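Beneath this line is the structure, given in structure tokens, with notes to follow.
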Amino acid sequence: MKSTVSFFSFSLFVYYGITLLLFIGTFPATAIDVYTPPEMFVENGTTEILKCTFKSNQVISSAASVSWSFVPEGSSSSGITIFYFSGGKGYPGDLPQFKERVSWAGDLNKKDASIKLTKLQFSDNGTYTCDVKNPPDITGVSSSTQLKVVLKEALPQSNVGVIVGAVTGSLLLLVLIAFITCLVIQRRNSQHDYEGGQ
């Protein structure tokens, strides 16, 4: 009798445990994922968009907000907010360094939380952090970009020329192979014709 009661209690425990897990599993986790490029090199004096995208399990609402902060290169201080976006409006921070140089460049409906920086200067080198909240989707980790403002000569070289050269070379090689194949086939056909004529 005692073992029957124990088995029944165990079965009831397992049943309620599975039911609870299934119940919890039907609700999506409310965590927001934010993405930025890890590093950017930009030319001094130019305008650049600092890209930030995100994924959220919730519909984008008017309560959604974006905060961008900046930590100067070599500094150990906490980030200073340079731009805040909420309710369809952008609010530049009070940092004189970015006055009238930072603006909204994103579209929350497209999960884009990017900003634009104009007249980039060497003092803009540092870490830019994008943080997005879309209540009730408010937990998650912000994402950071290391911005390096450099002279034009110091910009990393683009691989476009190498890629174009490789593609062009490959196409020419294919044309050459096709031409040689046609010559070989034509020669074989003419040999068969000659042998057939004897």
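The values are calculated or read from the model by the stated rules, or taken from the named source; none is laboratory data. This is a predicted model, so every value here is computed, not measured. Note: ideal-geometry Cβ built from the backbone for every residue, glycine included; neighbour counts use all protein chains shown. Each accessible area value is taken on the protein alone, full model and side chains, heavy atoms only, with ligands, DNA and RNA left out. Shrake-Rupley method; radii C 1.70, N 1.55, O 1.52, S 1.80 Å.
Remark: for residue pairs Lys89/Lys133; Lys55/Lys119; Lys110/Lys133; Lys110/Lys152; Lys99/Lys133; Lys119/Lys148, the C-alpha separation exceeds 21 Å in Lys55/Lys119; Lys110/Lys152; Lys99/Lys133. Measuring r between the beta carbons of Ser77 and Glu153 and using R0 = 30 Å, the FRET efficiency lands at 0.45.
The label-point distance for Met40 and Val59, in a model that sets each label 7 Å from Cα toward Cβ, rounds to 3.2 nm.
Just the number please: accessible area per residue for the range 45-121, 1.4 Å probe, all protein chains included, in Å².
Computed with neighbouring chains in place, this is 55 Å² per residue.
Backbone phi angles across the range 109-119, fed through the Karplus curve with coefficients 6.51, -1.76 and 1.60 (θ = phi - 60°), yield HN-Hα couplings of 5, 9, 6, 10, 10, 7, 10, 10, 10, 9, 6 Hz in residue order; Gly and Pro are listed as x.
Calculated FRET efficiency, Thr47 to Leu176, Cβ-Cβ distance, R0 = 41 Å: about 0.35 to the nearest 0.05. Placing Ile180, Ile115 in order of accessible area, with the largest value first and a 1.4 Å probe, yields Ile180, Ile115.
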